[in-house]
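Below: the structure, in C-alpha cells.
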Amino acid sequence: MLLGVYHPQILLVTTPSYTFNARFTAPDAPKSVRSGFPDPTGRTDRIFRHDDHKFEWTREEFVEWCEETAKEWGYAVEQTSIGQAQQEDPWGRDDELEGASSVACFRRLDNKTRSEKGRARIKALSLNSEPHEALAVSRHLPNPAFMKPRPLPEIANCVKSKMEEYRETFMRVEELWFEKEISILCGGWIEILVRAVEESPDLNLKRDQATKKRSMWNVELVGGVESSRNPFAADGDTSVDDIPPDWTPGEGPYGGWDESESTGAEEGDVSAETSDADGDDESDGEATSWRKGSVWNKSITETSNGQWGEDWGQLDNTWGNVPPSALSSTAGWDGDESDDTTS
C-alpha cells in the first residue's frame, strides 16, 4: 500500500532495534536474566524492552527487509540507526549494537508500473481496495536559518552568554545543543557548534578520548563563574549541617521565616487564614494557610535567583525545550517512555 499504491517520493521508516537490547546484559548472560516484555504477537520468543512494541527486529533482519522491499517496489534505500546510549558499553560493543532504533530512508525511482502492481497485490490478498481519503495534511517547514549558520564568533558569544546565565563553568555539548537559540545560530549543524567552541578564546573544548560522541564532550568557560546551585551543600546533600555557621535566618539572599509577616497574626493567634470559609476540616485550613499566607512559600519564588518557578516544587528547566522523556534515565531506549507509543 505504501510503496506501491501511495508511492511517495520519500518514505522514512523507524522501528525499535532488538540488537540494541543486548546493552542491558553482559555478553555471556543467559536470556533468562533479561527483563522486559514477551513479544505480544507471539511470532517470536524474544523479550522486548517496551510493552507497546509490536516489532523489535535485529539490524540484520531490518536491513534484509529494506533491501528486498526497495528492490521489489522500485526504490533506493539507505539504512542507519538513531538513539545512541550516553554511556559507553562496558564490553566495547557500541559499534556492533548501534542505536536504539533502526532507520531507513526510501527514495522513489522511475517505475510506472508500481501502482498497478500494488493494487493487484491488495486485490489478491482480498483487502479493502476502496479509495482512501486523507484525514489531515501537515506541513513541517524548516526554520529559515536552516543550513545558514551565523559567524563562529557570534555562536561562541551566545554559548558564553548561556553558560554565564546558568552560572556553569562546564556544560556538555549536548546540553548546549538543546538550547534552541544556539542550534538555530548553527544552522542545524552540531559540527558548527564544535568548531565555534574550538576557535573561541573564551571557551575550551574538553574532548573525552574514551568516546567518539561529540555530544558528550564538555565545554569549559574560561575563567569560570561562581555557581549558584546548592550553595550550602555538595551535590545531592541537603543536610542542614552544611549551612554556614555565620548565616542568620531572615537575612541574606535566602530570606527567612517571619511568623507575623506570613500570617498577619498576633502572637499566640493560630486562627489566621483558617476561617470558616476554608471549610470545617482542620487540615484543609492548614493547607490553605500554607498556600496563601506563608511567606516561606512566597520567598521561594522571590529570593532564589530564578531557580524556582512560580509555584512550590516547579523547578525551571535549564535544558531549554527538551521533551521530558529526554531527561529521563530510561529515555535512552527509544526516547519515548509513555504508554501511548505505537512503535
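The table that follows gives values for the structure above.
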{"read-out": "Odd one out for Thr44 among (1) in a loop (DSSP other than H, G, I, E, B); (2) at pLDDT 95 or above; (3) hydroxyl-bearing (Ser, Thr, Tyr)", "value": "(2)"}
{"read-out": "The range 123-161, residues that are surrounded by 15 or more Cβ atoms within 10 Å (Cβ to Cβ) and not small (Gly, Ala, Ser)", "value": "Pro149, Arg150, Leu152, Ile155, Asn157, Cys158, Val159, Lys160"}
{"read-out": "Conditions (1) in contact (Cβ under 8 Å) with a residue 24 or more places away in the chain; (2) assigned to a loop (DSSP other than H, G, I, E, B): number failed by Pro131", "value": "(1)"}
{"read-out": "Residue selected from the range 5-51 under the condition of a type in the set (Asp, Glu) and in contact with a strand residue (DSSP E or B) (Cβ under 9 Å, 6 or more places away or on another chain), by the criterion surrounded by the most Cβ atoms within 10 Å (Cβ to Cβ)", "value": "Asp39"}
{"read-out": "Subset of the range 127-180 (residues that are closer than 18 Å to Glu191 by Cβ and aromatic (Phe, Trp, Tyr))", "value": "Phe146, Trp177, Phe178"}
{"read-out": "Of residues in the range 73-91 being touching a residue at least 40 places away in the same chain (Cβ under 8 Å) and over 30 Å from Asp208 (Cα atoms), the one nearest to the chain's Cα centre (by Cα)", "value": "Tyr75"}
{"read-out": "Of residues in the range 92-108 being in contact (Cβ under 8 Å) with a residue 60 or more places away in the chain and of a type in the set (Gly, Ala, Ser), the one surrounded by the most Cβ atoms within 10 Å (Cβ to Cβ)", "value": "Ser102"}
{"read-out": "Only listed residue being under 21 Å from Ser17 (Cβ atoms), of a type outside the set (Val, Ile, Thr) and surrounded by 11 or more Cβ atoms within 10 Å (Cβ to Cβ), chosen from Glu61, Glu72", "value": "Glu61"}
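Condition check ((1) within 19 Å of Pro142 (Cβ to Cβ); (2) within 20 Å of the chain's Cα centre (by Cα)) across all residues:
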position: Asn157; (1), (2): no, no
position: Glu174; (1), (2): no, yes
position: Phe178; (1), (2): yes, yes
position: Ile184; (1), (2): yes, yes
position: Ile190; (1), (2): yes, yes
position: Leu193; (1), (2): yes, yes
position: Ala196; (1), (2): no, no
position: Glu199; (1), (2): no, no
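The values are calculated or read from the model by the stated rules, or taken from the named source; none is laboratory data. The shown structure was predicted, so the numbers you read here are calculated from the model rather than taken from an experiment. As a convention, Cβ positions derive from the backbone with ideal geometry for all residues, glycine included, and neighbour counts pool all protein chains shown.
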